[in-house]
1. Say we look at segment 143-152 and pick out the residues that are of a type in the set (A, V, I, L, M) and assigned to a helix (DSSP H, G or I); which of these is farthest from the ligand (Cβ to nearest atom)?
2. How many residues does segment 96-113 hold that are more than 16 Å from the ligand (Cβ to nearest atom), under 22 Å from the mean Cα position of the chain (by Cα) and more than 18 Å from GLY162 (Cβ to Cβ)?
3. GLY350: under 22 Å from the mean Cα position of the chain (by Cα), assigned by TED's automatic domain parsing to the domain that holds PRO170, closer than 30 Å to ILE192 by Cβ and not aliphatic (A, V, I, L, M), yes or no?
4. Please list, ordered by first then second residue, the pairs with beta carbon atoms under 6 Å, 6 or more apart or interchain, first in segment 88-105 and outside any loop (DSSP other than H, G, I, E, B), second of a type in the set (Lys, Arg) and more than 10 Å from the ligand (Cβ to nearest atom).
5. Could you identify the single residue in ARG33, ARG50, ARG18, ARG41 that is within 25 Å of the chain's Cα centre (by Cα), assigned to a helix (DSSP H, G or I) and without any contact (Cβ under 8 Å) to a residue 40 or more places away in the chain?
6. Residues to consider are ASP158, ASP186; find the one that is open to solvent by less than 10 Å² (accessible area, probe 1.4 Å), among the acidic types (Asp, Glu) and in contact (Cβ under 8 Å) with a residue 40 or more places away in the chain.
7. Can you name every one of the strands (runs of 3 or more DSSP E) wholly within segment 268-385 that holds 3 or more residues which are at pLDDT 95 or above and of a type in the set (Val, Ile, Thr)?
8. If you scan segment 53-82, which residues turn out to be open to solvent by less than 30 Å² (accessible area, probe 1.4 Å) and part of a loop (DSSP other than H, G, I, E, B)?
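The values are calculated or read from the model by the stated rules, or taken from the named source; none is laboratory data. What you see is a predicted model; the values in this text were computed from it and never measured. A quick note on method: Cβ atoms are made from the backbone with ideal geometry, for glycine too, and the neighbour counts reach across all protein chains shown. Side chains are part of the model used for accessible areas, which takes the heavy atoms of the whole protein and leaves out ligands, DNA and RNA. Shrake-Rupley method; radii C 1.70, N 1.55, O 1.52, S 1.80 Å.
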Amino acid sequence: MSPPPRDPAELAELVATRRDLHAHPELGYQEHRTAALVAERLKQMGCEVRTGVGRTGVVGTLAGHAGAGRTVLLRADMDALPIQEAGETPYRSTAPGVMHACGHDGHVAIALAAARRLAASRREWRGTVRFAFQPAEEGGNGAEAMIADGVLEAPRVDAVFGLHLMNTLPVGTIAATPGPIMGAVDLFTIRITGKGGHAAMPHQTVDPVVAAAHVVTALQSLVSRATDPFDQLVVSVTRIRAGEAFNVIPEEAVLMGTVRSMGGRPYAEAPERLRAVATGVAGALGCGATVDYVRQTPATINDEAMTALVARAAAALVGAERVLAGQRMLGGEDFAFFLQKVPGCFAWVGSANPARGYDAPHHSPRFDIDEDALPIGVDLLERVARESLR
Ligand code: NI
């Protein structure tokens, strides 16, 4: 299937916007320059604009001129990551230690271009399109902050859509998978307390380091022995802190980590199981253990009907053979909060092109996308909005 003809001016602006944002990345809840750029562009297009939604978020609302109807929300996340960019492109980050290493620069540029198209064609469609330019997707739950500030109300939003550029999928493909697609993110901290003393006289101590090592190992049984093999669960201990000196057994060891699941029983049971293993194993070795367990982000669950709508739109754009289903991962995505409230779909737009060197993983200091993915994203958002307002 040949791609639709491109407007060269639109394409140039799309790429320029993405590169400008890439050169000026901002961390979660600090997206001031990005938000100002977005608000300015949305106003130029004739959107009704609200700023400061969920702290640094921007909302643009556009009413169709063909009559009243449903309201659809299109979301783009704006934040970058605390990573020093290693790439040498002309548009590399000018902010030391901050980088768009996940493609959110592309998401903003895509949503702005889709807004421009929808604004230009308002006479043809009815209902309302709302654009949510969201802060702090990377661990800051900016989606929740925007919802708390009313992004889904007045008018009440009937459907939500978002996309993510994806460097695991070749450019030209689009993934729309129904059901759970991304993981629930839980965090835990386990504090193991023993009794410190001389490293040469361990019998006078209760060693929290040895207990911590056993706890790390035992936690792996949550997945291998306590979970139905057809369910998904990941338990990763990512930080171990204890002690200061080679000859001192410390008083305490602290473990940190994350649990990922797709909801259901593994999600429901994880906190209690983790607590039981940590306190039981530490206790058997004479140590105390306390567990602090935090639910960070729920699983991202796509609505069946909305996903079918996205898949149809995608097939019309890139051909049915390039529309993928069954794409899932246990990474977290706070678009999940929107999907808890309103039916919708989070789609992935392939942005990898190994032949041109675009295949670094997300969150890598060498991350970059094939910009041919950008107009595909614009086509998809525009088409999905129009179809869902029909
Ligand atoms: Ni991301």
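1. Once the filter is applied, the top-ranked residue is ALA148.
2. Here the count works out to 1.
3. no
4. Filtered contacts from segment 88-105: ASP105/ARG18.
5. Of ARG33, ARG50, ARG18, ARG41, the one residue that is within 25 Å of the chain's Cα centre (by Cα), assigned to a helix (DSSP H, G or I) and without any contact (Cβ under 8 Å) to a residue 40 or more places away in the chain is ARG33.
6. Step by step, each of ASP158, ASP186 is checked, and only ASP186 is open to solvent by less than 10 Å² (accessible area, probe 1.4 Å), among the acidic types (Asp, Glu) and in contact (Cβ under 8 Å) with a residue 40 or more places away in the chain.
7. 288-297
8. Within segment 53-82, GLY54, THR56, GLY64, MET78, ASP79, ALA80 qualify.
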